[in-house]
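Comments concern the structure below.
The values are calculated or read from the model by the stated rules, or taken from the named source; none is laboratory data. Remember, it's a predicted structure, so these values are computed and weren't measured experimentally. Note: ideal-geometry Cβ built from the backbone for every residue, glycine included; neighbour counts use all protein chains shown.
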Amino acid sequence: MSHQPRKRFGQHFLHDPQIIQRIIRAIDPQPTEIIVEIGPGLGALTLPLLKTNANLHAVEFDRDLISFWQTNHPHLQIHACDALLFDFAGLSNDNKIKVVGNLPYNISTPLIFHLLDQISAISEMVFMVQKEVADRLVATPNERSDYGRLSIMVQCFCKVEILFLVSAEAFNPPPKVESVVIRLVPHDKPLLNLEEIPHFSRFIMQSFSQRRKTLRNNLKGLVDETTFLNAHIDQSARPETLSIEDFLRLFRHLS
């Protein structure tokens, strides 16, 4: 298929056969399992996955690509939808789903947050993301600007593993950044309850509102001195020095 990559969709099509095979091995498709690919594009991952016995679904927003798949591969279950609005959990039955894809770089972070809202229906995620996002996903306290809201929220729900780097030359057109393939495996028992997610997310956002300021300044009017003391948190500390457990303890004392 001849298709001009569209900048507004963040399209960079993977074409390196060795990288494609490495990603397929990382996905490890199993017979009858439900796999949902975000953005099938020209089929670099989709076509090999179709050759397995997995129950493959694809979510695509580009009308031209939707038409291509519907015409040439009608057996592919394609969902014409913005992935940021898609109900991934609706595809889950008794079995959880595996979500995979080369995520559009311009929406990778909000898309990961969208998936966290449906994490109870997901068994595993294997994604290609830009290296900057991967560094934030795996960051721990005191890792300069990498550690923040994305690190904390994702690690509350998943174990994150960087699998391998992918050079820009593996894509058409080549992106201006390095890419990384990552695996996210949900914890058996998440550190947060689902109903806590929006409140904790806002709390973390406020905590990091000014990275060079102390927690006392960032959380002024929300957390008083007594709450800091009861949670055993130094109010003069900067947010990037606190562990996830520290933030959870302070949040629950506040709640």
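Brief remarks on what is shown
- Within the span defined as segment 106-114, every residue fails to be farther than 30 Å from ASN193 by Cα and modelled with pLDDT of 90 or more.
- Considering segment 15-26, and only residues there that are touching a Leu at 6+ places or on another chain (Cβ under 7 Å) and touching a residue at least 40 places away in the same chain (Cβ under 8 Å), the residue that is surrounded by the most Cβ atoms within 10 Å (Cβ to Cβ) turns out to be ILE23.
- The condition (being closer than 22 Å to LEU250 by Cβ and surrounded by fewer than 17 Cβ atoms within 10 Å (Cβ to Cβ)) is satisfied by just one residue among LEU191, LEU215, LEU150: LEU191.
- Of residues in segment 140-163 being of a type in the set (Asp, Glu) and free of Cβ contacts under 8 Å to residues at least 60 places away in the same chain, the one nearest to ILE204 (Cα to Cα): ASP146
- Test set (1) in contact with a strand residue (DSSP E or B) (Cβ under 7 Å, 6 or more places away or on another chain); (2) surrounded by 15 or more Cβ atoms within 10 Å (Cβ to Cβ); (3) not aliphatic (A, V, I, L, M) - THR32 fails condition number: (2)
- Condition check for ASP82: in contact with a Phe, Trp or Tyr (Cβ under 6 Å, 6 or more places away or on another chain), of a type outside the set (Phe, Trp, Tyr), assigned by TED's automatic domain parsing to the domain that holds ILE34 and exposed (fewer than 15 other Cβ atoms within 10 Å of the Cβ): yes
- Every residue from segment 204-238 that is more than 14 Å from CYS156 (Cα to Cα) and touching a residue at least 40 places away in the same chain (Cβ under 8 Å): MET205, SER207, PHE208, ARG211
- Exactly one residue out of MET205, MET125, MET153 is of a type in the set (A, V, I, L, M) and in contact with a strand residue (DSSP E or B) (Cβ under 6 Å, 6 or more places away or on another chain), and it is MET125.
- Of all residues in segment 56-79, those that are over 25 Å from ASP28 (Cα atoms) have Cβ atoms under 6 Å from Cβ atoms of residues that are in a helix (DSSP H, G or I), 6 or more apart or on another chain, in ASP62/PHE9.
- Contacts under 9 angstrom Cβ, first residue in segment 183-197 being under 18 Å from PHE127 (Cβ atoms) and in contact (Cβ under 8 Å) with a residue 40 or more places away in the chain, partner hydroxyl-bearing (Ser, Thr, Tyr) and not in a strand (DSSP E or B), 6 or more apart: PRO186/SER120
- Helices (runs of 4 or more DSSP H) fully within segment 139-255 that include at least 3 residues being outside the structural domain of LEU111 (by TED's automatic domain parsing) and farther than 26 Å from ASP28 by Cβ: 197-207, 215-218, 225-230, 244-254.
- Set GLY43, GLY10: member being at pLDDT below 95, closer than 18 Å to LEU111 by Cβ and surrounded by 16 or more Cβ atoms within 10 Å (Cβ to Cβ): GLY10
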